[in-house]
Amino acid sequence: MSLKEADIRAFLGKSGSGKTTLALHHLKKYKRIIIHDPNGEQALAKGAIICNTKAELLTAVKNKTFRICWRGAVGVDGVKPAVEAFEFANKVAWAVENTVAFWDETDRFCVNNSLAKVPVAYKLLNSGRHRGLRIFAASRRPQRIPRDLTALCTKIYIFQTTEPRDLKYFQELVSEEIPKIIRALKRYHYVEWQEKGYSVKKSVRV
């Protein structure tokens, strides 16, 4: 199955601002999910099968429906480079199709501030819709998110931050007035951006 159009969403903002809460709310409607969880977050593991090894991941995706919390990048079954583990899970998503890949801490998997040198992730970004693949990307370091990702995003959810580099990043990405709006956001409030414009919203708590 292919998607009529790409579905690539970015959830950006400081730790505790509500981005993971919103992403998890969006994930509720999908039945095939691979969550990249390099930090071992309890919230991401809730209701999911935790996979630490390649063998565990390959077994879990054999089910018709699955919600997987992939922690291979943590190195439980041996020390692995984070990017290698990230790419392995993306290869699995590409193979099984019709899946949501949720990349938490996306900036940790980039090479030289780009995904172009992370071939499978880059392929998912550019061609994933032909295999029914959706991408949710989250980061608490927005200025480290590569433009080759944000340029393809269909929606970006921007949460509160006061970091000058992040504010400058959003100013260049969205509009001149956006830093002032972002600074004034309350916890769990966010700016939803898409090509037709942006609006301030309140996240649903889960």
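The values are calculated or read from the model by the stated rules, or taken from the named source; none is laboratory data. What you are looking at is a predicted structure, and each value in this text was computed from that prediction instead of being measured. When we count neighbours, we look across all protein chains shown, and the Cβ atoms used for this are built from the backbone with ideal geometry, even at glycine.
Restricting attention to region 40-57, which residues are part of a loop (DSSP other than H, G, I, E, B), closer than 21 Å to residue 21 by Cα and in contact (Cβ under 8 Å) with a residue 24 or more places away in the chain? Can you show your working first?
Residues of region 40-57 part of a loop (DSSP other than H, G, I, E, B): 40-41, 46-48, 52-53.
This time we only want the ones that are closer than 21 Å to residue 21 by Cα, so: 40-41, 46-48.
Once the filter is applied, which keeps residues that are part of a loop (DSSP other than H, G, I, E, B), closer than 21 Å to residue 21 by Cα and in contact (Cβ under 8 Å) with a residue 24 or more places away in the chain, region 40-57 yields 40, 41.
For region 15-48, name all the residues that are of a type in the set (A, V, I, L, M, F, W, C) and in contact with a Phe, Trp or Tyr (Cβ under 7 Å, 6 or more places away or on another chain).
Listed by number, the residues that qualify are 22, 23, 27, 33, 34, 35.
If you scan region 28-43, which residues turn out to be of a type in the set (A, V, I, L, M, F, W, C) and modelled with pLDDT of 95 or more?
33, 34, 35
So is residue 19 free of Cβ contacts under 8 Å to residues at least 40 places away in the same chain and either under 15 Å from residue 192 (Cα atoms) or not acidic (Asp, Glu) (or both) or not?
The answer is no for residue 19.
I'm checking my understanding of the structure. Among residues of region 7-27 that are at pLDDT below 95 and assigned to a loop (DSSP other than H, G, I, E, B), which one is surrounded by the most Cβ atoms within 10 Å (Cβ to Cβ)?
It comes out as 13.
Which of the following residues is more than 20 Å from residue 22 (Cβ to Cβ) and over 17 Å from the mean Cα position of the chain (by Cα): 82, 60? Working first, answer last.
On the way: 82 fails: over 17 Å from the mean Cα position of the chain (by Cα).
The match here is 60.
For region 47-74: of the residues being among the basic types (Lys, Arg) and modelled with pLDDT under 95, which is surrounded by the most Cβ atoms within 10 Å (Cβ to Cβ)? Lay out the reasoning, then the answer.
Taking region 47-74 and keeping what is among the basic types (Lys, Arg), we get 54, 62, 64, 67, 71.
Those left that are additionally modelled with pLDDT under 95: 54, 71.
Working: 54: 16, 71: 26.
This residue is 71.
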